[in-house]
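Reviewing the structure listed below.
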Amino acid sequence: MFSRDRWDEILEALNANKFRTFLTAFGVFWGITILVLLLALTNGLKNGVTADFGNFATNSMFMWTQGTSKPYKGMPKGRYFNYKIGDVAAIKSEFPEIKYVSPRNQLGGYNGANNVTRGTKTGAFEIYGDYPEYIKQQPMDIIQGRFISYSDINAKRKVCVIGTGVEAGLYDKGEEVLGTYIKVNGVNFLVVGTFKMSNSQGDSEQDASTIYMPFTTFGQAFNRGESVGWMAITAVDGISITTLKDRIFSLMKSRHKVDPTDERAIGHFDLSEQFERVNGLFTILSFVGYFVGALVLMSGIIGISNIMLIVVKERTKEIGIRRALGASPWTIKSQILQESLILTILSGMVGISFAALVIWVMNSILDNAGPVDNFANPSVSMQVVFTALIILVVSGVLAGLIPANSATKMKPVDALRIE
């Protein structure tokens, strides 16, 4: 490996027929390029799709009430009911595996009727009554001030935290926001903070046009009392919320006199289950990327192996002379293997570099063009690069193994006899 003469021989052999060497190397170059680009594109698609989940705690579910589909204990079919704040305490008490339970109420809607005013300016925004835990389930960047606190909950303070879209719609540029008042459905609220979502894709404008206020204040100001519109429930790390949800539904049904077999009465969206499905899909896509890339790379490796067989045949007399002068079979075999390995690794590294350049160009275009739905930040990890290098080394050895064995099987006398 460290013999200068050996390296001179390898370079001379590769330069003997440059066009043939180029075509041989191109197969490996193209195979490793396709492999890396397929994995990068798969990762970009995964980043784009998972970004649609926002940065909400993925081990969560949302739960709300619907009309019953079965009569039960004197209650008619089609009955509607609401969760109460006591249900939150019951879930926390019965399920130590639950990390957060956030009762929520909502008023208005994005692009709905104007429901918020400040002076002469009005706007249609989403209004949520929440508990302080919600910011741990849906992380957001507090730009100024603070989020709602338990002192706000207990005192039923008329305070709110507004998104950047609300600020842009109700305030002039550069105008002080904290300490000012906005009017929500005729009720004045003091602005104590502004926020933007840490990682939002697709719904960024909607997220920015949101106002949060204490849950208790919401109930008092808009006559909701202790009714809960819906809940955001997050399980502790290591325990999937999917394994707990049926037991949670059973608890809620028993507390609200709903038939235990009624599948319609409680609506839910299992974010954890959906996230696992997406991860499973992209695991399959990554496998397909590796499989297709490996097949393309294999065609290049077969090309190198065939060319090395031709090289061995062309150098039959040279091999015979070296064997006659005392070269061992391993010396001949190692030279063939080394030539194959060097050709494979050099062409593969050029392929990886070219793929990295293409990925950089794609990211530059995405940065300049803005976010694209379901696609973001195509990239590969260092683990993929190391895997590719290992594949190249193994492929180089395999490509040279058959020609090397062929070279060592020839007897010196037979090799010298060939014209």
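The values are calculated or read from the model by the stated rules, or taken from the named source; none is laboratory data. Being a predicted model, the structure only gives us computed values, none of them experimental. In this analysis, Cβ positions are derived from the backbone assuming ideal geometry, glycine residues included, and neighbour counts consider all displayed protein chains. SASA here: full protein model, heavy atoms, side chains in, ligands and nucleic acids out. Shrake-Rupley method; radii C 1.70, N 1.55, O 1.52, S 1.80 Å.
Looking across 347, 364, one residue alone is within 28 Å of residue 40 (Cα to Cα), open to solvent by 30 Å² or more (accessible area, probe 1.4 Å), in a helix (DSSP H, G or I) and at pLDDT 75 or above. It is 364. Scanning the stretch 43-93 for residues that are at pLDDT below 85 and among the hydroxyl-bearing types (Ser, Thr, Tyr) yields 50, 58.
Can you say whether residue 287 is surrounded by 15 or more Cβ atoms within 10 Å (Cβ to Cβ), within 23 Å of the chain's Cα centre (by Cα), at pLDDT below 90 and assigned to a helix (DSSP H, G or I), as far as the supplied structure shows? Lay out the reasoning, then the answer.
On the way: surrounded by 15 or more Cβ atoms within 10 Å (Cβ to Cβ): no; within 23 Å of the chain's Cα centre (by Cα): yes; at pLDDT below 90: yes; assigned to a helix (DSSP H, G or I): yes.
In short, no.
Listed here are the residues, each with its yes/no results for (1) open to solvent by 30 Å² or more (accessible area, probe 1.4 Å); (2) farther than 23 Å from residue 121 by Cα; (3) in a strand (DSSP E or B).
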{"residue": "143", "(1), (2), (3)": "yes, no, yes"}
{"residue": "162", "(1), (2), (3)": "no, no, yes"}
{"residue": "169", "(1), (2), (3)": "yes, no, no"}
{"residue": "172", "(1), (2), (3)": "yes, no, no"}
{"residue": "177", "(1), (2), (3)": "no, no, no"}
{"residue": "192", "(1), (2), (3)": "no, no, yes"}
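Counting only helices (runs of 4 or more DSSP H) that fall entirely inside the stretch 204-268 and contain at least 1 residues that are open to solvent by 10 Å² or more (accessible area, probe 1.4 Å), modelled with pLDDT of 90 or more and assigned by TED's automatic domain parsing to the domain that holds residue 140, the qualifying elements are 215-221, 245-255. Taking residues in the stretch 81-93 that are closer than 19 Å to residue 265 by Cα and open to solvent by 20 Å² or more (accessible area, probe 1.4 Å), and partners anywhere that are among the hydroxyl-bearing types (Ser, Thr, Tyr) and assigned to a helix (DSSP H, G or I), not one pair has Cβ atoms closer than 8 Å while being at least 6 places apart or on different chains. A search for C-beta distances below 9 Å between a residue of the stretch 273-291 that is assigned by TED's automatic domain parsing to the domain that holds residue 34 and under 16 Å from residue 378 (Cα atoms) and any residue that is open to solvent by 70 Å² or more (accessible area, probe 1.4 Å) and modelled with pLDDT of 80 or more, counting only pairs 6+ apart in sequence or on different chains, returns 289/41.
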